[in-house]
Amino acid sequence: MKKLFLNLIAMITLATVAHAKLNVVATTPDLAAIAREIGGDKIELTTLAKPTEDPHFVDAKPSFIVKLNRADVLIEGGAELEIGWLPALLDQSRNEKLAAGAAGHVLCSQGIQLLEVPSTLDRSKGDIHAAGNPHYMVDPANANIVAQHIADALCQQDAKSCDAYRANLKKFTDALDAKLVEWQKTLEPFRGREVVAYHNSWLYFGNRFGLKIDLFLEPKPGIPPTPAHLAEVIKRMKADKVRVVIVDPYLNRKTAETVARNTDAMVVDVTQFPGGVKGTEGGYIQMMDYLVDSLAKAMGGKKQHGE
């Protein structure tokens, strides 16, 4: 009986310890990767979107409602990135901790200098966002701001572990700052070089590293490529001697391959999310390592990983 009692106490203690962890939900894998760096083993982390999924059109499963209902903290990108699927899930979760403006709702776009903010909202121009281009996380300087937001939120929800969160934050941002110097040095020889993208997701990356990424396989954001538009893209690529086309895992690579064949260009698989392509599973910094290395090799005339 005594042994049974002790076992029961041990089980309750373990359950209490597990319950003591903050339950954190991140909308996308890039935000989750940074939350993992900051929260460490003091949080239970759930990621809603898959790394190969278009963040605008995530498959909103009913199980997400349960996860949100039980969460202490929600980390979302904001700037309308998740507007097509997250609001309905939040409404159904009925979790006041995650309501707009609540301490448990981390809106990562706050404090970010968003680009391409439209003066007027004209839907005829395609899938544009009133707040500006929401794909800001491919600029490592913005990842530093997001890491600070996450650390502040975790500290507010779990003050007793704040020192650990702050220490993890410093470790992450110090590593990121050092890497940024390295990445800029790697891409410096290609400053001003043109790169074609499928979708307008790489503006912030281009701005940070001095690349020109303003020609797209989509005629307008979110509008599928047409033969006439692709012919114009090919014409411009030949005239400007553009030799690199980048494509995210959830977009049509065959279209990019067709354009590349007609322009003597190379297709580079890229991702905004850790785990989106092979070699990026280790987290945000590893993902950026992959992106910088892959583009530098492609612009230098070398083949991508595995080709």
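Just a few scattered comments:
- Flag for residue 120 being in contact (Cβ under 8 Å) with a residue 24 or more places away in the chain, at negative phi and not hydrophobic (A, V, I, L, M, F, W, C): no
- Any hit, the stretch 57-67, residues being more than 16 Å from residue 22 (Cα to Cα), in contact with a Phe, Trp or Tyr (Cβ under 7 Å, 6 or more places away or on another chain) and crowded, with 19+ Cβ neighbours inside 10 Å: yes
- Residues of the stretch 253-269 include at least one that is farther than 25 Å from residue 134 by Cβ, hydroxyl-bearing (Ser, Thr, Tyr) and not in a helix (DSSP H, G or I).
Results for (1) within 17 Å of residue 41 (Cβ to Cβ); (2) of a type in the set (A, V, I, L, M, F, W, C); (3) in contact with a His (Cβ under 6 Å, 6 or more places away or on another chain), shown as yes or no for each residue.
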position	(1), (2), (3)
146	no, yes, no
152	no, no, no
157	yes, no, no
160	yes, no, no
171	yes, no, no
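- Qualifying residue in the stretch 276-283 (condition: in contact with a strand residue (DSSP E or B) (Cβ under 6 Å, 6 or more places away or on another chain), over 16 Å from residue 198 (Cβ atoms) and surrounded by fewer than 17 Cβ atoms within 10 Å (Cβ to Cβ)): no
- If the condition is being of a type in the set (Lys, Arg) and either part of a strand (DSSP E or B) or modelled with pLDDT of 95 or more (or both), then the stretch 187-224 contributes 191, 193, 208, 212.
- Residues of the stretch 235-254 that turn out to be touching a strand residue (DSSP E or B) at 6+ places or on another chain (Cβ under 8 Å) and over 25 Å from residue 30 (Cβ atoms), as a count: 5
- Among the candidates 239, 228, 296, residue that is in a helix (DSSP H, G or I), in contact with a helix residue (DSSP H, G or I) (Cβ under 6 Å, 6 or more places away or on another chain), surrounded by fewer than 19 Cβ atoms within 10 Å (Cβ to Cβ) and modelled with pLDDT of 95 or more: 296
- Every residue from the stretch 125-182 that is among the acidic types (Asp, Glu) and modelled with pLDDT of 95 or more: 139, 152, 158, 163, 174, 177, 182
- Residue within the stretch 114-132 that is acidic (Asp, Glu), touching a helix residue (DSSP H, G or I) at 6+ places or on another chain (Cβ under 9 Å) and within 21 Å of residue 22 (Cα to Cα) present: no
- Pairs where the first residue, in the stretch 221-232, is under 15 Å from residue 263 (Cα atoms) and the second is modelled with pLDDT of 95 or more, C-beta under 7 Å, 6+ apart: 229/219; 230/217; 230/259
The values are calculated or read from the model by the stated rules, or taken from the named source; none is laboratory data. Predicted, not measured: the structure shown is a model, and the values here were computed from it. Reconstructed Cβ throughout: ideal geometry from the backbone, glycine too, with neighbour counts over all protein chains shown.
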